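Trainee: Sharing a structure with you now.
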Amino acid sequence: MAAIEEQGAAMGRPNGSPSGGPTGGISSRLSMQTRRLLWVWGFLALPILFYTVIRFYPTLQAFYLSFTNWDLLRPAKLVGFANYIKLFKDPQFWKVFKNTFTYLIVGTPISLVLAFAIAYFLDRVRFMHNFIRALYFLPFLTTAAAMAWVWRWFYQPPPIGIINDVLGMAGIPQQPFIRSPDQALFSVMVTAIWAGLGFQIIIFMAGLRAIPSTFYEAARIDGLGEWAILRKITLPLLKPTTVFLVVFSSIGFLRIFDQVYNMTTNDPGGPLGSTKPLVLMIYQTAFNSYAMGYAAAQTVVLFVILMIVSLLQLFILREKK
Amino acid sequence: MATIELEKLVKRYGKVEAVKGIDLSIADGEFVVFVGPSGCGKSTTLRMIAGLEEISAGTLKIGPDVVNERDPKQRNIAMVFQNYAIYPHMTVRQNIGFGLYTSKLSKQEKDKRIEEAGKILGLDDFLDRRPAALSGGQRQRVAIGRAMVRDPSAFLFDEPLSNLDAQLRAQMRIEIKRLHQRLKTTTVYVTHDQVEAMTMADRIVVMKDGHILQVGTPSELYESPVDVFTARFIGSPSMNLIGGKRSNTGVEAASGGDILIGIRPHDLAANPPAQGDGIRLTGTVTAVEPLGPETLVHLDVDGTPVIATARDKSVPAVGSQLTCSAPSGSLYLFDARTEAFLGRS
Ligand SMILES: Nc1ncnc2c1ncn2[C@@H]1O[C@H](COP(=O)(O)OP(=O)(O)OP(=O)(O)O)[C@@H](O)[C@H]1O
Ligand SMILES: [Mg+2]
């Protein structure tokens with residue numbers, strides 16, 4: 001039976017094919033559809049396995065842990081929603097919650113507007129274009145620790161801190177920056193914005209480059225000014241890029257950790273917890289207090305926040321028909 | 001509506017001269033087509049007229065005014081691009097209305113114009129669609145609509161039909177032509193399709209290497225091309241060229257002669273009657289292309305490829321010997337050295 005089928009196939013393809021031939025083979029016995037599926041799943045198997053073991057399993061484990069009182073020493077015991085109740089009654093959590101959203105709500109728009117403005121103008125610069133672009137990208141390649149330390153040094157009081165030096169020259173009184181509970185969060189945020197800027201600029205520039213130049217030419221012929229072109233053509237066409245960066249940058253700010261940790265090493269999240277984001281609180285709960293169950297509950301809350309914010313943004317910025 | 005005058009117009013890109021000083025005056029309401037091989041400077045010239053490219057030297061007048069230094073919007077021209085340049089994030093109505101962005105008309109007036117343009121172009125049913133839901137021909141019509149609503153002093157087209165298939169191209173050709181007859185707006189149209197040039201133009205401008213070779217009506221260019229280049233560029237399939245020399249009866253084919261004889265494939269009939277004046281060629285058939293009413297026969301005449309036309313139904317066999325002839329009066333003579341046109345024979 002199989003032999004007859006093989007002959008049929010061979011006659012259909014007189015030039016023969018590697019999988020055909022008189023000896024046949026497993027592959028020739030399977031239908032095109034099956035063979036394709038085998039290939040697809042063959043390639044997908046490794047990443048799926050990887051994700052299951054490295055990502056999904058720990059995630060589910062965290063969900064489970066959040067309902068226990070595990071503290072590394074005693075075996076975990078289920079405690080129901082106790083961790084969550086404790087968390088929502090904890091004033092420190094609400095403070096951290098507020099800090100995290102301040103990073104998000106102030107940081108994301110500022111960084112995106114800044115990145116867009118730089119990308120928009122850099123796109124027109126021909127002189128040393130690649131060099132300038134590389135300069136902007138450099139912070140993105142630098143380790144957060146090194147960068148944070150340099151910025152700490154910038155923020156020092158005079159004569160060490162360069163920013164205060166400049167302020168002094170301009171006749172403005174010196175500022176405490178990361179030493180003040182009022183200014184510390186924004187000082188850290190500036191560093192974080194600066195660190196992410198290069199990446200956002202590159203993405204925005206790629207988006208700008210993808211807009212065909214005839215769109216601009218047609219608009220110029222129709223008599224639009226620069227501002228109208230920006231509003232009516234560039235921004236709408238750049239929307240997919242913007243959506244991506246809004247979500248990406250929001251997630252970045254919601255998960256902010258290393259900038260804060262490295263700029264406030266003496267009292268992480270200080271002064272007075274004024275810079276502490278959620279991730280730092282999780283870190284401290286887990287690795288200073290060893291309250292693993294409690295930390296897991298905080299992680300789950302962060303997970304939910306990230307998901308809600310991302311989905312909300314995607315929903316608000318979706319393509320309207 | 002306006003005249004357009006180009007005087008010694010030059011475009012330099014760094015050291016490269018893309019347009020090398022061209023003179024042309026386009027009358028009010030005229031339909032002028034620029035043709036020429038790729039890279040000859042057609043688009044550059046058009047873009048200088050539009051104001052998208054700076055003019056390196058020379059003057060450009062639209063109407064009575066020199067407009068060298070004016071922005072595109074002050075020139076009041078409308079342009080249609082090869083890739084349409086219609087905006088994917090706007091509906092057809094918004095795209096067409098975009099042409100009126102700076103106009104001071106009232107909202108109703110604008111809407112009326114958009115509806116009107118939509119009707120003329122057969123887009124009435126699509127006004128609220130996005131470009132993604134349109135065919136190529138419909139998209140190009142939207143682009144034309146955007147140009148139309150403006151009431152510009154001139155229309156500029158840069159290869160507007162080259163992304164369309166042959167059938168649609170033929171249809172759009174007629175539509176653009178009809179539109180011009182209706183609006184009578186001065187039009188400059190760039191193409192490298194000589195059929196478009198022949199069928200649409202009031203006058204054709206043949207360009208090569210940044211120069212204008214010849215300006216004339218389609219029949220002028222067809223009947224008396226200035227040189228071999230124009231002669232071969234206009235007419236399809238291209239004119240046959242064979243070496244020849246003058247004889248006491250007229251001209252005859254000869255290798256190493258001092259003239260080139262041009263014969264349009266259309267005039268070179270296969271299987272001619274035994275006698276008649278003019279020129280006779282004999283060669284080996286290398287290929288045949290039956291077109292229905294006639295058949296193009298590719299011949300090899302002493303190493304020169306020649307295309308002849310067989311009008312009877314019998315298709316000559318490939319490899320056979322075939323004689324063909326062109327009547328006197330249909331021949332074009334060129335100087336073999338300078339390739340300049342010498343006259344008809
Ligand atoms: N920005 C530029 N910089 C340098 N050279 C250019 C530039 N734009 C065009 N050129 C050159 O100018 C010449 C004319 O170009 P143009 O686009 O006008 O050709 P064209 O006749 O429209 O050709 P096609 O039929 O292929 O569109 C070409 O040789 C081209 O290489
Ligand atoms: Mg061109």
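Residue by residue, here is whether (1) of a type outside the set (A, V, I, L, M, F, W, C); (2) within 16 Å of ligand 1 (Cβ to nearest atom) holds:
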site: B:T186; (1), (2): yes, no
site: B:V190; (1), (2): no, yes
site: B:D193; (1), (2): yes, yes
site: B:Y222; (1), (2): yes, no
site: B:P237; (1), (2): yes, no
site: B:G244; (1), (2): yes, no
site: B:G250; (1), (2): yes, no
site: B:I259; (1), (2): no, no
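Trainee: Now a separate question. For region A:219-264, give me each residue that is modelled with pLDDT of 90 or more and polar (S, T, N, Q).
Mentor: A:T234, A:T241, A:T242, A:S249, A:S250
Trainee: Answer with yes or no whether B:R150 is away from ligand 1 (no atom under 16 Å from the Cβ), within 14 Å of chain A (Cβ to nearest Cβ), among the charged types (D, E, K, R) and buried (at least 20 other Cβ atoms within 10 Å of the Cβ). If you could, list the steps in order and put the result at the bottom.
Mentor: Working: away from ligand 1 (no atom under 16 Å from the Cβ): yes; within 14 Å of chain A (Cβ to nearest Cβ): yes; among the charged types (D, E, K, R): yes; buried (at least 20 other Cβ atoms within 10 Å of the Cβ): yes.
Yes; evaluated as a whole, the condition is true for this residue.
Trainee: Considering only residues that are of a type in the set (K, R) and either more than 14 Å from chain A (Cβ to nearest Cβ) or over 19 Å from B:D151 (Cα atoms) (or both), which ones fall in region B:71-112? Steps first, answer last, please.
Mentor: Residues of region B:71-112 that are of a type in the set (K, R), as a first pass: B:73, B:75, B:93, B:104, B:107, B:110, B:112.
Hits for region B:71-112 are B:R93, B:K107, B:K112.
Trainee: If you don't mind, there's one more thing I want to ask. Taking strands (runs of 3 or more DSSP E) that do not extend beyond region B:1-104, which have at least 2 residues that are farther than 30 Å from B:D125 by Cβ, within 13 Å of ligand 1 (Cβ to nearest atom) and open to solvent by less than 10 Å² (accessible area, probe 1.4 Å)? Even if it seems obvious, please write down each step before you answer.
Mentor: Numbers: elements: B:4-13, B:16-26, B:31-35, B:57-62, B:77-80.
Per the criteria, B:16-26, B:31-35.
Trainee: Can you pull out the residues in region B:215-249 that are closer than 23 Å to B:V301 by Cα, surrounded by 15 or more Cβ atoms within 10 Å (Cβ to Cβ) and among the small types (G, A, S)?
Mentor: B:A231, B:G235, B:S238, B:G243, B:G244, listed by residue number.
Trainee: Among the residues of region B:33-57, which ones are farther than 19 Å from B:R12 by Cβ and either of a type in the set (G, A, S) or away from ligand 2 (no atom under 16 Å from the Cβ) (or both)?
Mentor: B:S38, the sole residue that qualifies.
Trainee: Let me ask you something else. Just one of (1) in a helix (DSSP H, G or I); (2) of a type in the set (A, V, I, L, M, F, W, C); (3) over 28 Å from the mean Cα position of the chain (by Cα) trips up A:L224, so point out which.
Mentor: Just one mismatch for A:L224, condition (1).
Trainee: Shifting gears a bit: Sort out which residues of region B:27-53 are more than 13 Å from every other protein chain (Cβ to nearest Cβ) and among the acidic types (D, E), and write them in order of number.
Mentor: Matches in region B:27-53: B:D28, B:E30.
Residues are listed down the side, and each one gets a yes or a no for (1) of a type in the set (A, V, I, L, M, F, W, C); (2) under 14 Å from B:L268 (Cα atoms); (3) assigned to a strand (DSSP E or B); (4) in contact with a Ser or Thr (Cβ under 7 Å, 6 or more places away or on another chain):
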| residue | (1), (2), (3), (4) |
| --- | --- |
| B:P293 | no, no, no, no |
| B:L299 | yes, yes, yes, yes |
| B:P305 | no, yes, yes, no |
| B:D312 | no, yes, no, no |
| B:C324 | yes, yes, yes, no |
| B:S328 | no, yes, no, yes |
| B:R337 | no, no, no, no |
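Trainee: Any idea how many residues of region B:165-210 are within 16 Å of ligand 2 (Cβ to nearest atom) and either over 17 Å from B:R146 (Cα atoms) or basic (K, R) (or both)?
Mentor: 13
Trainee: Every residue in region B:58-92 that is without any contact (Cβ under 8 Å) to a residue 60 or more places away in the chain, more than 16 Å from ligand 2 (Cβ to nearest atom) and under 22 Å from B:I176 (Cα atoms), please.
Mentor: Correct list: B:Y87, B:V92.
The values are calculated or read from the model by the stated rules, or taken from the named source; none is laboratory data. This one's a predicted model, so the numbers in the text were calculated from it and none came from an experiment. Please note: Cβ atoms are built from the backbone with ideal geometry, for glycine as well, and neighbour counts cover all protein chains shown. Remember, those area values only see protein heavy atoms, side chains included, never the ligands or the DNA or RNA. Shrake-Rupley method; radii C 1.70, N 1.55, O 1.52, S 1.80 Å.
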